[in-house]
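Below is one structure, written out as structure tokens; the observations come after it.
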């Protein structure tokens, strides 16, 4: 008998509201329906205020008040679990602890021996290419390296699902691209479900098997776009560029586009110069 794959997420008719000072209800998410298969990489993209980070918090279990249903492997989630890891935009490492001990923090509820913990930590530092920095401190590392430590810490408990909330948003463009490549490699090695929230459409398309496009006020799914390109992917792949450009049309301003189409073409003599 084959073992059933884990990491399946089912979201049905999910809505989330917050009370306001006037005793009104502010709807942040409305009628979210999404089915994520085990081992799938899902990207969630949308402009600010569309509720994508709120959705991630609900999936992790950091918030438990909502309408609808969220299930992981057929069970309703309530509260956090070691089976659901998360990486935030800020690495949230403890500056007084070494890289090794920052990863060990995630194992404080485990029943492993010290030697077993050390072996597991070594495996995950190797996974993120930080073996030689095990005894360094966060202040001695770059932002990208610290984020790799955060990823190792989130994976050390062998979660079934890893959620990432704009993990590369604060990094420079080159470091961001390098970490996207690293994340793609780690996902292929670990074979777990990954869900990333990002405002970067190019990042969403490069990483995701599917891209969930959200729209705001209230946050809801506008459409889900398949990315039928095998991993590992190359950034210069024209298919990725075409999908990215297609998704970007969802974020264009219709009124602005209409004004642009109706505006007559400017002549060279219409411009003013300083010379």
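The values are calculated or read from the model by the stated rules, or taken from the named source; none is laboratory data. Given the structure is predicted, the values throughout are model-derived calculations rather than measurements. Cβ: placed from backbone, ideal geometry, glycine included. Neighbour counts: every protein chain shown.
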Can you report the number of residues in segment 183-198 which are farther than 18 Å from residue 50 by Cβ and buried (at least 18 other Cβ atoms within 10 Å of the Cβ)? 6
From the list 201, 229, pick out the single residue that is more than 20 Å from residue 59 (Cβ to Cβ), touching a helix residue (DSSP H, G or I) at 6+ places or on another chain (Cβ under 6 Å) and surrounded by fewer than 19 Cβ atoms within 10 Å (Cβ to Cβ). 229
Does segment 17-24 contain any residue that is modelled with pLDDT under 95, more than 21 Å from residue 218 (Cα to Cα) and surrounded by fewer than 19 Cβ atoms within 10 Å (Cβ to Cβ)? no
Just to be sure before I move on: is residue 168 over 22 Å from residue 135 (Cα atoms), modelled with pLDDT of 95 or more, in contact with a helix residue (DSSP H, G or I) (Cβ under 9 Å, 6 or more places away or on another chain) and not in a helix (DSSP H, G or I) in the structure I sent? no
Go through (1) surrounded by 14 or more Cβ atoms within 10 Å (Cβ to Cβ); (2) farther than 25 Å from residue 5 by Cβ; (3) over 17 Å from the mean Cα position of the chain (by Cα) one by one and return the number of the condition residue 149 breaks. (3)
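Before we move on, is residue 85 part of a loop (DSSP other than H, G, I, E, B) and under 24 Å from residue 193 (Cβ atoms)?
So residue 85 fails the test.
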